[in-house]
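As structure tokens, the structure follows; a few thoughts come after it.
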């Protein structure tokens, strides 16, 4: 599914373009951009580690501040031991989304072209990419909860304990309606998790794609407008990209914490 809006030589396409073929696999420009973003994060991490010292650099202070911020949020729900194990993952997720959202601001990436289209495209403007991120986050929250208490976590969704208690005579038959309600509430939890995936993916995709679309369309209206008029929209889109990275990361912490805590208390 794709849609295009053209103006002044610029275009906005919903679907990514395939720019490479590796055997039978077609590689889209969002995949190439994702690999490039991963490389950027790796290089920055190595630089920060290399320059880390007792007297911190500005970059070291920034990374340490992010680390402490997300560590505090994780500790609120999981405690210090579990939080320290998970904080590198959350920080990495945040950095990936931040760099991806600001991808168009990287110099020269937009000028690399192929016959099929741009070689790079902002990863989070591809709905399949944001769906993949959301699925990974939700699945991870369940995997971690299963490690905490497999039966407890499964019991939060497959609530058949009430039926077993009635059959064993531990609960009166008059509570059968209540047991059925509990069972269907468990099924609603499954539907709710599917809703989490759609909500996470759509929020991130919608904000970033809309921001880039507005900038491209306004830039293409007139030759002069592409130099000055888009600047406020670029600033606004950059700020929205930063906020969405925080929102996605904090919701990830919330999902993981809720599942692990509920599994342990089941």
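Filtered by the rule that a residue be under 18 Å from residue 195 (Cα atoms), at pLDDT below 90 and surrounded by fewer than 22 Cβ atoms within 10 Å (Cβ to Cβ), the range 244-266 gives a lone residue, 258. Scanning the range 66-87 for residues that are exposed (fewer than 13 other Cβ atoms within 10 Å of the Cβ), farther than 16 Å from residue 254 by Cα and modelled with pLDDT of 90 or more yields a total of 1. Note on the range 24-50: residues that are assigned to a strand (DSSP E or B) and loosely packed, with under 13 Cβ neighbours inside 10 Å total 1.
Does residue 215 qualify as being surrounded by 14 or more Cβ atoms within 10 Å (Cβ to Cβ), modelled with pLDDT of 90 or more, closer than 30 Å to residue 197 by Cβ and out of contact with any strand residue (DSSP E or B) (no Cβ under 8 Å at 6 or more places or on another chain)? Walk me through how you get there before you give the answer.
Details: surrounded by 14 or more Cβ atoms within 10 Å (Cβ to Cβ): yes; modelled with pLDDT of 90 or more: no; closer than 30 Å to residue 197 by Cβ: yes; out of contact with any strand residue (DSSP E or B) (no Cβ under 8 Å at 6 or more places or on another chain): yes.
Considered against the rule, which asks whether it is surrounded by 14 or more Cβ atoms within 10 Å (Cβ to Cβ), modelled with pLDDT of 90 or more, closer than 30 Å to residue 197 by Cβ and out of contact with any strand residue (DSSP E or B) (no Cβ under 8 Å at 6 or more places or on another chain), residue 215 comes out as no.
Could you tell me whether any residue of the range 155-174 is touching a helix residue (DSSP H, G or I) at 6+ places or on another chain (Cβ under 6 Å), without any contact (Cβ under 8 Å) to a residue 12 or more places away in the chain, surrounded by 15 or more Cβ atoms within 10 Å (Cβ to Cβ) and part of a loop (DSSP other than H, G, I, E, B)? There is at least one residue in the range 155-174 that is touching a helix residue (DSSP H, G or I) at 6+ places or on another chain (Cβ under 6 Å), without any contact (Cβ under 8 Å) to a residue 12 or more places away in the chain, surrounded by 15 or more Cβ atoms within 10 Å (Cβ to Cβ) and part of a loop (DSSP other than H, G, I, E, B).
For the range 138-153, which residues satisfy the criterion of being over 18 Å from residue 196 (Cβ atoms) and surrounded by 14 or more Cβ atoms within 10 Å (Cβ to Cβ)? 148, 149, 152 - these are the residues of the range 138-153 that are over 18 Å from residue 196 (Cβ atoms) and surrounded by 14 or more Cβ atoms within 10 Å (Cβ to Cβ).
Only residues that are modelled with pLDDT under 85, in contact with a helix residue (DSSP H, G or I) (Cβ under 7 Å, 6 or more places away or on another chain) and assigned to a helix (DSSP H, G or I) were counted in the range 110-154, giving 3.
Does the range 48-63 contain at least one residue that is touching a residue at least 40 places away in the same chain (Cβ under 8 Å) and closer than 22 Å to residue 242 by Cβ? The answer is no, given that none of the residues of the range 48-63 is touching a residue at least 40 places away in the same chain (Cβ under 8 Å) and closer than 22 Å to residue 242 by Cβ.
Residues in the range 93-105 include none that are part of a helix (DSSP H, G or I), surrounded by 17 or more Cβ atoms within 10 Å (Cβ to Cβ), in contact with a helix residue (DSSP H, G or I) (Cβ under 9 Å, 6 or more places away or on another chain) and free of Cβ contacts under 8 Å to residues at least 40 places away in the same chain. Of the residues making up the range 108-137, those that are surrounded by fewer than 18 Cβ atoms within 10 Å (Cβ to Cβ) and closer than 21 Å to residue 194 by Cα number 5. Being surrounded by 15 or more Cβ atoms within 10 Å (Cβ to Cβ), at pLDDT 80 or above and part of a helix (DSSP H, G or I) holds for only one residue in 241, 195, and it is 241.
Of all residues in the range 225-237, those satisfying the criterion of being surrounded by 16 or more Cβ atoms within 10 Å (Cβ to Cβ) and modelled with pLDDT of 65 or more are 230, 233, 234, 237.
The values are calculated or read from the model by the stated rules, or taken from the named source; none is laboratory data. In this text the structure is predicted, and so the values were computed from the model without any measurement. Don't worry about glycine lacking a Cβ; one is built from the backbone with ideal geometry, like all the others, and counts go over all protein chains shown.
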